[in-house]
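One structure below.
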Amino acid sequence: MQKPRYALVAYVKSPAGEFVENLRRELHPDLPQVAAHLTILPPRPLAGTESAALELLQRICGGEEPFSVSLGAVETFIPVTPTVFIRIESDASRMCALHQKLNTDVLRYREEWPYIPHMTIVKMGAEQPAEIAYQTARSRWEEYLGTRRITLERLTFVREDAPNCWVDLAAVVLGQKLVSH
């Protein structure tokens with residue numbers, strides 16, 4: 001049996017998050033619906049136990065202050081992957097610094113691609129549909145009038161229990177102690 005994968009995300013429960021979720025449903029209705037989120041640690045196996053990972057998250061995140069980022073332009077990772085996303089524009093360096101601090105010990109993992117702070121809109125099955133999704137998403141995002149600012153205060157440690165099926169394990173509040181589910 002393959003080891004489960006874990007990730008650390010910040011759910012985006014705001015008009016921008018709703019926009020992304022609705023757009024995802026429109027562009028790829030067959031995908032399982034995943035809540036809009038910013039990924040701090042991309043999926044990875046653990047090099048130890050869940051409890052050791054939670055202790056590490058509590059220690060590191062407990063010492064970090066909440067911060068805000070701004071959403072920038074719609075972009076794509078084509079041709080590397082058929083993914084359409086919104087890049088983090090301002091304060092992306094804070095997300096990169098947190099990612100770097102957390103990619104250690106039991107959470108250390110050699111990622112396939114460089115870490116780029118972003119919010120995924122949709123990952124398509126092939127390049128051509130991703131290109132169409134990119135054009136649609138770019139046009140819709142230009143029309144979006146809501147706030148593009150997101151405050152990261154609460155992060156969620158998740159485990160993949162089945163393909164594209166993620167379960168929340170614990171919430172970590174920046175600057176505070178671990179809160180179990």
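Some observations on this one:
- Of the listed requirements (1) free of Cβ contacts under 8 Å to residues at least 60 places away in the same chain; (2) of a type in the set (A, V, I, L, M, F, W, C); (3) not in a loop (DSSP other than H, G, I, E, B), ILE116 misses just one: (3).
- Of the strands (runs of 3 or more DSSP E) that lie entirely inside region 1-84, those containing 2 or more residues that are surrounded by 15 or more Cβ atoms within 10 Å (Cβ to Cβ) and more than 14 Å from the chain's Cα centre (by Cα) span 67-76.
- Pairs are defined by a Cβ separation below 9 Å, a sequence spacing of at least 6 or placement on different chains, a first member in region 46-69 that is on the phi < 0 side of the Ramachandran plot, and a second member that is of a type in the set (D, E, K, R) and assigned to a strand (DSSP E or B); the pairs so defined are GLU50/ARG159; PRO66/ARG154; SER68/ARG149; VAL69/GLU89; VAL69/ARG149.
- Residue that is farthest from ARG94 (Cα to Cα) [pool: residues in region 152-176 that are modelled with pLDDT under 95 and β-branched (Val, Ile, Thr)]: VAL167
- Just so you know, in region 106-143 the residues that are hydrophobic (A, V, I, L, M, F, W, C) and closer than 30 Å to GLN58 by Cα include one that is surrounded by the fewest Cβ atoms within 10 Å (Cβ to Cβ), and it is TRP113.
- Taking (1) without any contact (Cβ under 8 Å) to a residue 40 or more places away in the chain; (2) surrounded by fewer than 15 Cβ atoms within 10 Å (Cβ to Cβ); (3) of a type in the set (Gly, Ala, Ser) in turn, GLY146 satisfies each apart from (1).
The values are calculated or read from the model by the stated rules, or taken from the named source; none is laboratory data. Just so we're clear, the structure is a prediction, and the values are computed from it rather than from any experiment. In this analysis, Cβ positions are derived from the backbone assuming ideal geometry, glycine residues included, and neighbour counts consider all displayed protein chains.
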